[in-house]
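K.L.:
A single structure is presented below for examination.
Bear in mind that the values in this text are calculations on the coordinates, not laboratory data. Because the structure is a prediction, the values reported are computed rather than measured. Using ideal geometry, Cβ is built from the backbone for each residue, glycine included, and neighbour counts are taken over all protein chains shown.
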Amino acid sequence: MITAGVAIQIAFLAAVILIWLMIAYQVVMTAGGFLHRLRSARLTADLLRVGGTLPSVSILIPARNEELVIRETLRAVCSLSYPQSLEIIVIDDGSTDRTAELVEEVATSDRRVRLLRLPLAEQGRGKSHALNHARRHATHDLLAVYDADNRPQPESLEILVRRLLIDGRLAAVLGKFRTLNHSRNLLTAFINLETLAFQWIVQAGRCALFGVGTLPGTNFVIRRQVLEECDGWDERAVTEDTELSVRIYQRGWRIDFAPEAVSWEEEPETFGVWLRQRTRWVTGNFYVMRKFLFTSWRFPNKFLALQILSLSILYYLFLLAVLVSHGVFLACVTGWLRVDIPGPYTLVWAGAFLLFVAELFLVTAYEGEHRLRQIGLAALMYLSYCQAWLLVVFRALWNEYFGKKGSQWDKTIRFPSAPSIQRRRAASRGGMRGGCG
Amino acid sequence: VVCEESDEVLAAGEDGVPLLTVSSRGRGKVLYSALPPFGAGGAGPFTYLLSKLKDHGLVAPACRSKALEVYFDYGERQNQISKEELVELWSNHGVRVIHAAAWHDYSNWTYEYDELLELAHQNSMLVYAWLSLPGVSEKLWEAHPEWREKNPLGGEVKGRRKAVSLVDPACREAVKKWIADLLGRYPFDGVNLAGLSFSGETLEKPETLAPFSEPARHEFHERHGFDPRELFSEESPRFWKRSQQDLQTFLAWRKHWTTSLHAELLEYLSKLPGAEQRALVVSVLDAAANPAAADLAGVDQQAVLALQKTFPFQVQIMDAGNARPWGAGRLQGVLQDYSGLVDPADLAFQIDITQAVGPGNRALTGIPLYLLLEGAGGRPLAIYSEESIVDADWPFLAPSLAGATATPTGSGELSITSRSGVRFPLASDRRLVRIGGKLWPAVGSGEVLVPPGEQRLEMTGQAEDGARILDASCPILEAEVVSRGIRFAYQSRDQAWVLLSREAVEVEIDGRAAARTLPRAEGRHGWPLRCPPGRHDVVAITESLPQFAVRVGGLALSGGIVVFSGAALGVIALLFLWARRSHRRGPARPALMPERRA
């Protein structure tokens, strides 16, 4: 007979198993990411050494009220050291600030820059719509996408394009994005660690072990042919990049990850903005899950199918596991409950904590940023930032079942940054010199 | 004798000269005594010598028994402390049976016997309903004045007990019903039919004599043709001083009635629901030591004891006070006197310490009391009453009753010999016990439950956190940890209570399914298991299959995770060193960029 006490114990063990499956997966991906880093660096270096003719590229930058950042973005994009002609299209989606004026100002001094205004009737329908509109006006066969707050490093576009051209079945190549304002406050420092971990562990690991990458929404190059095959971006999707990635794989194309192609971007500097942005992402992932969950078994790439399934595991079961684990922990601490399961469970917790910190510290080493401070940050992040993700998932679940649905611009609020600081940061990394406008 | 200021004087003569002192000398202590048997000072041995030695840490760990029985009368207790504290006190000092006064039933309140029983069972103690018939509860006595016992003068019999006339058939039935209600309502472990007799201090005090209720007189008249009141009428020719024959007739009639009442009540008790689980005790006057008292109480002891052949009860011989010689051989004398009447296995002693009737007409306490208890030779012994036991005596009662020897052997073991099983204190850091070389899971809080006979005890490191026997109201003969539980054998005259360290989800007694453990009370460490009288083999499964799976799975899971974590951290450390090394050399890409451009 299973008593209430045993049921709690079983729930606790199930939570431990689930959490540790995810941790083990993460460890495997960390090793895979390391392999990808070695392979990718070697491949990129070889490609750059060999050189060769490159095609022209259309760069798409969707923008809506981006007056705080658009000038710096264009400065960086115009400074790309791409040896062929570029077409830089800024799609103004009904900005009510000086975005259009600033873009036109830059366009007067750099003829590669073009402002494309969305017709009034089409404004405010989201980033996907803006991109779909722009791709029809783009003139080249390769399209690069950057968000309006991005500062790509000069060589990044060339790396992306060269990597794309080596394999005819590659639909797109994505680069790495870094946090421009990572030293602004604790939140941006956490986000910096999070983005590094996501790219070096999840993206790189998936690429190395399963040949799967997912588009991040910025800093990638894609073939126009693929977009046409896929009928462009899904305008109902909030995380249009993930959604597009799935359809690309469905059609037998592949996506590669070239972490050497770096673009810097601004990240939320306040908790409220972060919460809204992350909630939007999770809500978007729910959409992707709903759309593909029941057809995923037919995918040619079974690992991608597994990824779709993992979305549900991540957001439902994993959340439940964490809640059970936290609940049992709190109940034990407050004396409401006693879970008598023999075993070194303190070491189990310590193991999870140490692995988390070690993985983050490892990825900072990839960037040459492995300071002791990062260990403290990672430890603090485990106890604070990671727990805040529970709130994100709760909000997303609430939105999923009780909130409003549909795609619309839910733009991340930009923060004014001192250009001098940005330049200094960029300069220290050998990027964003010169410029246009 | 030279005393220093720091010396503690335990006893001094009238002239102030120290007769017993304790002084510290380096890491040890010195006891000086001028009292007998060490010297000629004072009037006799120092009664509380052992207690004082214990206070100074000079008493070595000793075997203890769990054999003591105490009488507990809530109404007589001067110092009213909580049941919890009382039970803890009794439990800490080896009490096995509590004879609880069962008559505290009033019109607006009844003593909380259920709470007392629950607490006692949680401590592996038994509670017997102590019936002091013909005394009954105040509620019954108040409700039926017509049944109250009368003296030959026509008044109510004055005394401590609320006596009723058991010769009256209607009253007798009501009393039986009262007993049945009591036993039906509360799960007493036994019944003590204590001192069932007729009152009477002396024939010179007729106001104390019984039975003279109307039905009793009528019954006597029917049998013997005269009213017994005439025996106490100086004008009557049957006045007892004139007519010894009539007096003897009357006394014989009383004896007949006490025997008859014993028989009727024992039969009634043995037919009540749950009787097979309840012990029966009959406490009788020590007629061998004081036949006159037995005559006056109307007790034909031989006839009462003969009922044992029909109703197998335990005989408790009540304390005869100064009527029996004092000294270490007193209880052996009782045993000897009754050896022809009662099987020694069914005999229990009683010691009354409520009055100053000990040796030299002094209260029975200290060393004389311990020596008396030791004389019980491990047989059941009840002290009347628990409240009269002084604090200094409590720690020495259980060791005195143990009747055991503990001898260290050369191989680090301890050889313990006892008749009924004893407890031996555990060394603070050694809880893993082996008896006869085998792991022994009967280890309670701070003591080992050693089985009867000669045992070789070995104490080593920490015990595993498995099922254990924490306490028991009877000797544990065998015990071993089995898969998912514990197996043990015990022997008990009465129903037994065994306290397990884990809740039993399944219990088998002699291979047959039995009731599981009772719930654990707040603040207690164990789960009580009720076991039937006799010698039985018990298997208590303390872990259900899901619990077993959770325990083993949990252990394997956590162990595996820890190993995996260690390995993963090692791999990550290697990757880190590799990444750092390659970063020092400089990443491949940026180094190539300027070259190509150049």
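K.L.:
Hand me the chymotrypsin sites (Phe, Trp or Tyr not before Pro) from region A:321-363 located in a DSSP loop with no more than 11 other Cβ atoms within 10 Å, in residue order please. Can you show the working numbers first?
P.N.:
Numbers: sites: A:Phe329, A:Trp336, A:Tyr345, A:Trp349, A:Phe353, A:Phe356, A:Phe361; in loops: A:Trp336.
Here the sparse-neighbourhood loop sites are A:Trp336.
K.L.:
Which Cα, out of A:Phe271, B:Gly195, B:Ser385, lies furthest along the positive dipole direction of the protein assembly as shown (beta carbon charges, K/R +1, D/E -1)?
P.N.:
Farthest along the dipole direction, towards plus: A:Phe271.
K.L.:
Still on this structure, please answer the following. Quick one: Debye curve from the C-alpha atoms of the protein assembly as shown, no solvent, what's log10 I(q)/I(0) at q = 0.05, 0.10 Å⁻¹?
P.N.:
Results for the protein assembly as shown at q = 0.05, 0.10 Å⁻¹ read -0.57, -1.13.
K.L.:
Give the residue from B:Leu373, B:Tyr106, B:Leu126 lying farthest towards the positive end of the charge dipole for chain B; charges sit on Cβ (+1 for Lys and Arg, -1 for Asp and Glu) and the dipole is referred to the Cα centre.
P.N.:
With unit charges placed on the Cβ atoms, the residue in question is B:Leu126.
K.L.:
How high is the FRET efficiency between B:Asp7 and B:Asp465 when r is their beta carbon distance and R₀ equals 45 Å, given to the nearest 0.05? Kindly include the intermediate steps, with their values, before the conclusion.
P.N.:
Details: r = 47 Å, r/R0 = 1.05.
Once rounded, the FRET efficiency stands at 0.40.
K.L.:
Each residue of region A:112-127 in turn: what ³J(HN,Hα) in whole Hz from Karplus with 6.51, -1.76, 1.60 and θ = phi - 60°, glycine and Pro shown as x?
P.N.:
Per-residue couplings from phi come out as 6, 8, 9, 9, 10, 8, 6, x, 3, 5, 9, 6, x, 9, x, 5 Hz.
K.L.:
How many angstrom separate the Cα center of region A:50-92 from the Cα center of region A:2-25?
P.N.:
50
K.L.:
Counting pairwise Cα distances across chain A, what percent come out greater than 42 angstrom?
P.N.:
Values: 13730 of 95266 pairs.
Roughly 14 percent, once rounded to a whole number.
K.L.:
Oh, and also: Report the dimensions of region A:181-222 along its three principal axes from the alpha-carbon atoms, largest first, rounded to Å.
P.N.:
Computed over region A:181-222, the largest-to-smallest principal extents equal 35, 22, 9 Å.
K.L.:
Considering amide H positions built from the backbone, and no H for Pro or chain starts, which residues 5 or more places from A:Arg178, or on another chain, come under 5 Å of its amide H?
P.N.:
Residues meeting the criterion, in which the H sits 1.01 Å from N, are A:Ser263, A:Trp264, A:Glu265.
K.L.:
Would you kindly derive the ³J(HN,Hα) couplings of region B:285-299 from the backbone phi angles with the Karplus curve 6.51 cos²θ - 1.76 cosθ + 1.60 (θ = phi - 60°), listing them in order in whole Hz, with x for Gly and Pro?
P.N.:
For region B:285-299, the Karplus-derived couplings read 5, 7, 5, 5, 8, 9, x, 5, 5, 5, 4, 5, 7, x, 10 Hz, x marking Gly and Pro.
K.L.:
What is the sum of charges around A:Ala138, taking Lys and Arg as +1, Asp and Glu as -1, for the other residues whose C-beta is under 14 Å from the C-beta of A:Ala138?
P.N.:
That sum, taken over residues with Cβ under 14 Å, equals +3.
K.L.:
Could you tally the net charge around A:Phe34, taking each other residue with its Cβ under 14 Å from the Cβ of A:Phe34, Lys/Arg +1 and Asp/Glu -1?
P.N.:
Net charge around A:Phe34: +4.
K.L.:
For every other residue with a beta carbon closer than 11 angstrom to the beta carbon of B:Glu413, add +1 if it is Lys or Arg and -1 if Asp or Glu, then tell me the sum.
P.N.:
So the environment of B:Glu413 carries a net charge of +1.
K.L.:
Continuing with this model, one more query. Which value, in Å to one decimal place, does the Kirkwood hydrodynamic radius take for chain B when every pair of different Cα atoms is included? Please list the in-between numbers first.
P.N.:
Values: mean 1/r = 0.0355 Å⁻¹.
Its Kirkwood hydrodynamic radius stands at 28.2 Å.
K.L.:
Next question. Under 10 Å, Cα contacts only: if you run a Gaussian network model on chain A, which one of A:Thr279, A:Thr108, A:Thr99 comes out with the highest mean-square fluctuation?
P.N.:
Highest fluctuation among the options: A:Thr108.
K.L.:
Beyond a 27 Å Cα-Cα separation, which of these cross-linked pairs lie in this structure: A:Lys176/A:Lys302; B:Lys177/B:Lys255; A:Lys127/A:Lys302; B:Lys176/B:Lys241; B:Lys177/B:Lys309; B:Lys83/B:Lys438?
P.N.:
Numbers: A:Lys176/A:Lys302 25 Å; B:Lys177/B:Lys255 24 Å; A:Lys127/A:Lys302 29 Å; B:Lys176/B:Lys241 37 Å; B:Lys177/B:Lys309 25 Å; B:Lys83/B:Lys438 39 Å.
Result: A:Lys127/A:Lys302; B:Lys176/B:Lys241; B:Lys83/B:Lys438 exceed 27 Å.
K.L.:
Moving on. Could you work out which residue, out of A:Arg163, A:Arg224, A:Arg49, moves most in a Gaussian network model of chain A, that is, has the largest mean-square fluctuation with Cα springs under 10 Å?
P.N.:
A:Arg49
K.L.:
Give the share of C-alpha pairs in each 5 angstrom bin for region B:1-102, from 0 to the last occupied bin, in whole percents, shortest bins first.
P.N.:
Result, from short to long distances: 2, 10, 15, 15, 12, 10, 12, 13, 8, 2, 0, 0 percent.
K.L.:
Can you give me the convex hull volume of the Cα atoms of region A:244-293, divided per residue and expressed in Å³?
P.N.:
On the way: hull volume 4.7 nm³, N = 50.
It is 95 Å³ per residue.
K.L.:
What whole number of Å gives the distance from the Cα centroid of region B:170-203 to the Cα centroid of region B:1-71?
P.N.:
Cα centroid to Cα centroid, the span is 46 Å.
K.L.:
Report the far tail of the P(r) of region B:143-294, meaning the percent of Cα-Cα pairs longer than 25 Å. Show your work: numbers first, answer last.
P.N.:
Values: 3926 of 11476 pairs.
Considering region B:143-294, 34 percent of its Cα-Cα pairs are separated by more than 25 Å.
K.L.:
Right, here's the next one. Given springs between every Cα pair under 10 Å in a Gaussian network model of chain A, which of A:Gly217, A:Gly343, A:Gly51 has the largest fluctuation?
P.N.:
A:Gly343
K.L.:
Something else about it: What order do you get for B:390-397, B:420-427 when each peptide is scored by the mean count of other beta carbon atoms within 10 Å, highest first?
P.N.:
On the way: B:390-397: 17.9, B:420-427: 21.4.
The packing order, highest mean first, is B:420-427, B:390-397.
K.L.:
Now for a different question. Identify, among A:Ala350, B:Ala62, A:Tyr366, the residue whose Cα sits farthest towards the positive end of the charge dipole of the protein assembly as shown, taking +1 on the Cβ of Lys and Arg and -1 on the Cβ of Asp and Glu, with the dipole about the Cα centre.
P.N.:
It is A:Tyr366, whose Cα lies furthest towards the positive end.
K.L.:
Would you please put A:142-150, A:88-96, A:297-305 in order of how densely packed they are, using the mean number of other Cβ atoms within 10 angstrom per residue and starting with the highest? Walk me through the numbers on the way to the answer.
P.N.:
On the way: A:142-150: 25.4, A:88-96: 22.2, A:297-305: 14.7.
Descending mean neighbour count gives A:142-150, A:88-96, A:297-305.
K.L.:
In 5 Å bins starting at zero, report the fraction of Cα pairs in region A:94-221 per bin as a rounded %.
P.N.:
Bin by bin from 0 Å, the calculated values are 2, 8, 14, 18, 19, 16, 13, 8, 2, 0.
K.L.:
Hey, another quick one. What whole-number distance in Å separates the alpha-carbon centres of region A:130-187 and region A:236-253?
P.N.:
16
K.L.:
What is the dipole size for the protein assembly as shown, taken about its Cα centre, with +1 at each Lys and Arg Cβ and -1 at each Asp and Glu Cβ, in debye to the nearest 20? Can you show the working numbers first?
P.N.:
On the way: 113 positive and 113 negative charges, 1416 e Å.
Using Cβ point charges on Lys, Arg, Asp and Glu, the protein assembly as shown gives about 6800 debye.
K.L.:
Quick one: 3J(HN,Hα) in Hz for region A:82-94, Karplus 6.51/-1.76/1.60 with θ = phi - 60°, rounded, Gly and Pro as x.
P.N.:
For region A:82-94, the Karplus-derived couplings read 8, x, 10, 6, 10, 10, 10, 10, 9, 9, 8, 9, x Hz, x marking Gly and Pro.
K.L.:
Something else now. Which loop-located GluC sites (Glu not before Pro) does region B:1-33 contain, where loop means any DSSP state but H, G, I, E or B and the Cβ has at most 13 other Cβ atoms within 10 Å? Display every interim value, and only then the final one.
P.N.:
On the way: sites: B:Glu4, B:Glu5, B:Glu8, B:Glu14; in loops: B:Glu4, B:Glu5, B:Glu14.
Answer in residue order: B:Glu4, B:Glu5, B:Glu14.
K.L.:
Out of residues 5 or more away from A:Ile59 or on other chains, whose amide H comes under 5 Å of its own, with H placed 1.01 Å from N in the peptide plane?
P.N.:
For A:Ile59, the qualifying residues are A:Glu87, A:Ile88, A:Ile89, A:Ala144.
K.L.:
With label points built 7 Å along Cα→Cβ from the Cα atoms of B:Thr110 and A:Asp97, find their separation and express it in nm.
P.N.:
Once both label points are built, they end up 8.3 nm from each other.
K.L.:
Could I ask something else about it? In straight Cα distance, which lysines are under 29 Å from B:Lys29, not counting same-chain residues fewer than 8 positions off?
P.N.:
Qualifying lysines at Cα under 29 Å: B:Lys52, B:Lys54.
K.L.:
Would you compute, for the Cα atoms of region B:345-408, the largest minus smallest coordinate along each principal axis and list the three values in descending order, in whole Å?
P.N.:
Here the Cα extents, ordered largest to smallest, are 38, 29, 22 Å.
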